[in-house]
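Bear in mind that the values in this text are calculations on the coordinates, not laboratory data. Only a predicted model underlies this, so the values are computations on that prediction, with no experimental measurement involved. When we count neighbours, we look across all protein chains shown, and the Cβ atoms used for this are built from the backbone with ideal geometry, even at glycine.
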């Protein structure tokens, strides 16, 4: 990992930590007021210049229970690629229901920051039953280490 990538990864984690204690609110993305897990990732990676501010489009809170379209993975595949072993600042995404539908920022080998329904933005241990019992994939951004700040 080069110095720029290390700096970018640290910035991602610091930005995610700013969102801690923000209440969970479906389809919202306002620091301290409300955010869901998709918008948390979008806001964090956009704030540090590694991803554009995208709109994931309309989605029902329970879409993952009734649809098979991998909407979450579609936009993760556009801006990143799967990795076997995540590093801090990478993304974890879990399969709940029929699709991969819950995302988080990886802090270390066992911890993430995510927006969880009825809890809000929190640190979580990936070994906890609610996460460990689900299939998980890890993604890293394609733009880590790009010298232009990640702008496309």
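Exactly one residue out of 100, 116 is surrounded by 14 or more Cβ atoms within 10 Å (Cβ to Cβ), in contact with a strand residue (DSSP E or B) (Cβ under 8 Å, 6 or more places away or on another chain) and within 15 Å of residue 17 (Cα to Cα), and it is 116. For the stretch 8-17, the set of residues classified as surrounded by 14 or more Cβ atoms within 10 Å (Cβ to Cβ) and out of contact with any helix residue (DSSP H, G or I) (no Cβ under 8 Å at 6 or more places or on another chain) consists of 8, 9, 11, 13, 17, listed by residue number.
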